[in-house]
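Working notes, beginning with the structure itself.
The values are calculated or read from the model by the stated rules, or taken from the named source; none is laboratory data. Quick caveat, the model's predicted, so the values are computed rather than measured. Positions of Cβ are backbone-derived with ideal geometry, glycine not excepted, and every protein chain shown enters the neighbour counts. Protein only, heavy atoms only, side chains kept; ligands, DNA and RNA dropped before computing areas. Shrake-Rupley method; radii C 1.70, N 1.55, O 1.52, S 1.80 Å.
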Amino acid sequence: MTTSLDDLISKAKSLEQSGDTEAAMSLATELVGQHPNEMKAWSLRSYLHAGRRNYEQAIADVTRAIAINSMEPKLFWDRGRYESLQRHDQAAVSDFSKGLELCDHYKDDYYRESLHFFRAEALINLGKKREALADLDHVREDLKTWTYKLRTKAELLAECDKLPE
């Protein structure tokens, strides 16, 4: 009986969650070697690199996943987050924007609010108040999420207020 790629990805995630990050990374590296044209394998390894705060390698792996499937909004959300953590704000804005385009394409709002929130934070870092405020209009008032720390919409609005018009 062969184990499916999805089963092996689940195993790697379980290993990571149980604290065996070395075994999880080893399995992920084995999977990208065995399945070099599978977006899921590259996405898994990207996720594991990000968990180790190795954002450059996470970006490289998710970029490989995007090369395989450039129509998956989650990949642009992931890469944008990793770019943001590196303070590559313009690259992050581009990725979040592409993710939003794909949400429109699929008429799927699953990532939409998060994409707007994260893009607003990157726009604030770039000093683009008007664009950040436009993104925050798409975010509910009580949203809290982790960017580089736990953030709220109110915090981002307060940061916008400090920016020049």
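Here the accessible area of the range 1-96 is 48 percent carbon and sulfur, with a 1.4 angstrom probe and all protein chains present.
Computed over the range 1-114, the alpha-carbon pair-distance distribution with 10 angstrom bins reads 15, 42, 33, 9, 0, each value a whole percent.
I'd like to check one number: the per residue accessible area of the chain, probe 1.4 Å, reported in Å² as a whole number.
Here the per-residue accessible area is 56 Å².
Other residues with beta-carbon under 9 Å from the beta-carbon of GLU165 carry, at +1 per Lys or Arg and -1 per Asp or Glu, a net charge of +2. Given LYS13/LYS144; LYS129/LYS149; LYS40/LYS98; LYS40/LYS128; LYS98/LYS149; LYS74/LYS128, which pairs have Cα atoms separated by over 29 Å? Flagged as over cut-off: LYS40/LYS128.
If you fit an axis through the alpha-carbon atoms of helix 73-85 and take the longest principal axis of the Cα set of the chain, what angle between them do you get, 0 to 90°, nearest 10? Orientation of helix 73-85: about 70 degrees from the principal axis.
In loop segments of the range 100-150 as defined by DSSP, the trypsin sites (Lys or Arg not before Pro) with at most 15 further C-beta atoms inside 10 Å of their C-beta are LYS107, ARG140, LYS149. The angle separating the long axis of helix 89-106 from the principal Cα axis of greatest extent in the chain is about 80 degrees.
Between the helical axis of 55-68 and the longest alpha-carbon principal axis of the chain there is an angle of about 80 degrees. Given Cα pairs under 8 Å that are at least 6 residues apart, what percent is the relative contact order of the chain? Dividing the mean separation by the residue count of the chain yields 12 percent.
Here the relative contact order of the range 60-109, from alpha carbon pairs under 8 Å that lie six or more residues apart, stands at 34 percent.
A simple rule links phi to the HN-Hα coupling: the Karplus curve 6.51 cos²θ - 1.76 cosθ + 1.60 with θ = phi - 60°, which for the range 139-155 gives 10, 5, 4, 9, 5, 10, 8, 8, 10, 8, 7, 5, 10, 10, 4, 4, 5 Hz, with x for Gly and Pro.
In the chain, the calculated helix contribution to ellipticity at 222 nm averages -22500 deg cm²/dmol per residue, counting -39,500 (n - 2.57) for every DSSP H run with n ≥ 4.
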